[in-house]
1. For the chain, with the dipole built from +1 on Lys and Arg beta-carbon atoms and -1 on Asp and Glu ones, taken about the Cα centre, which of 116, 254, 166 lies farthest toward the positive end?
2. Take 252, 120 and order them by how many other Cβ atoms sit within 10 Å, fewest up front.
3. I'd like the trypsin sites (Lys or Arg not before Pro) in segment 88-137 restricted to DSSP loop residues with at most 15 other Cβ atoms within 10 Å, sorted by number.
4. Which whole-Hz couplings ³J(HN,Hα) result when phi for each residue of segment 311-319 is put into the Karplus expression 6.51 cos²θ - 1.76 cosθ + 1.60, θ = phi - 60°, listed in order with x for Gly and Pro?
5. Taking amide H positions as placed in the peptide plane 1.01 Å from N, state which residues far from residue 210 in sequence (5 or more) or on other chains have amide H under 5 Å from it.
6. How large is ³J(HN,Hα), in whole Hz, for each residue of segment 242-249 in order, when computed from phi with the Karplus curve 6.51 cos²θ - 1.76 cosθ + 1.60 and θ = phi - 60°, using x for Gly and Pro?
7. Determine the principal axes of the Cα atoms in segment 337-392, then give the extent along each, sorted from largest to smallest and rounded to whole angstroms.
8. Quick one: 379, 176, fewest Cβ neighbours within 10 Å first, how do they rank?
Amino acid sequence: MIITKPVMGWNSWNTFGENINEKVVMETADFIAESGLKECGYEYVIIDDCWSLRERNAAGEIVPDPEKFPHGMKYVADYVHSKGLKFGMYSCAGTLTCARYPGSYDHEFVDAKKFAEWGIDYLKYDYCYHPETTYGHVVYKRMGLALANCGRDIVFAACSWGAENTKAWIKETGAHTWRSTGDINDSFASIKHLAQDQLKVMEYNGNGCYNDMDMLVVGMRGEGNVALTGCTTEEYKTHFALWALMGSPLIIGCDLRKADEESMEILKNKMLIEINQDEAYRQPFICNNRRECREERKLDEPLYKHYQVDQPVVARFLANGDIAIGLFNFEDRKCSPFTNLDAFGLGECTGKSLELTNVWTGEVTRVKNGLIRQELEPHSCVVYRAKVVDAE
Ligand code: GLA
């Protein structure tokens, strides 16, 4: 197994877009190694689109842009490795990447071999400009095989945003992660939209191939390639809690060299990272009180349709028997999302209850009367690590 947990790291796209170069990558690697982020688990330093020349060379190889990467990719990979970190790259299953640089279509085995020679540990594989004459599952299978036979352990991070019902075939391709949402931007509207989209495909997440909700915008504060309105600290906390609890890779997208203290604290939240990286890696589930269901569920209908998606309660069973429980308020007014012990199978007859540790404050409380309910400010959340205890 190349990975057994969602990837943690940093990716250039959200902030730098086309303005990527070796200096940014190497300084970011320095920062991750020296700021404590590495100890938190952040490991992969990933270059996104726009790293190559616009044309392949006469031998049919992709060539790193000498202005952006004057020493070539092996040099950068060696540097990142010297910091005890891993190095990631980007290509695309189409003839061109999304920003119209050469894609790997019809060059999959040549490119995978080159990536292995350079010392790449991760490949994000996009889906723009794919020929109409083939299918997603075929081109992802081809790169899956190319990577699995390239002689190096390379994480295969598929990025087809759910197109062509990706969830149904992606595990067949050998992908380790799959982009289960569209592209993020630095606004709460985008965070809410991606989280609600993710509620529809949460049951596909789990060991073998992790749902990837896209890179984090925590700390961008409205600056950079996918900047929009920016978010408040409270909104970034909600964003990070959702991605951690829902089991997404945690890939930072801000310019770390300029990140503010509050954002760094969010990115380093130990309890949320532990939940995200839990070794059992069970799929998350939505567990608002069923009484909120508006109508009876038809057997073939997805469960999420019957829950309050503006105030979702999301949970995951953890390896040591604890439960991670997050209550989220996506609305623009104060709300009180709730669930109850029955949602976890802990009916009164069990004689059990839950002791809740708040992951942000460390405060410990107990569930009373079987109800877990919290009044929340707009766009905020509370997440608990819940321990099964005897009812009082
Ligand atoms: C697509 C991907 C993004 C990013 C860009 C690069 O939109 O979904 O994450 O990689 O391409 O062009």
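1. The one lying farthest along the dipole's positive direction is 166.
2. Values: 252 29, 120 26.
With the sparsest Cβ surroundings first, the list reads 120, 252.
3. Working: sites: 100, 113, 114, 124; in loops: 100.
Here the trypsin sites (Lys or Arg not before Pro) that fit, given the DSSP loop and packing criteria, are 100.
4. Going residue by residue, I get 9, x, 10, 10, 9, 9, 7, 9, 4 Hz, with x marking Gly and Pro.
5. 177, 178
6. 3J(HN,Hα) across segment 242-249, in whole Hz: 4, 5, 5, 5, 7, x, 6, x.
7. Taking max minus min along each principal axis of the Cα atoms, segment 337-392 gives 36, 20, 15 Å.
8. Working: 379 21, 176 25.
Lowest count first: 379, 176.
Readers should treat all values here as calculations from the given coordinates under stated rules, not as data from a laboratory. Since the structure is predicted, the reported quantities are computational estimates derived from the model, not experimental observations. All Cβ positions, glycine included, derive from the backbone under ideal geometry; neighbour counts span all protein chains shown.
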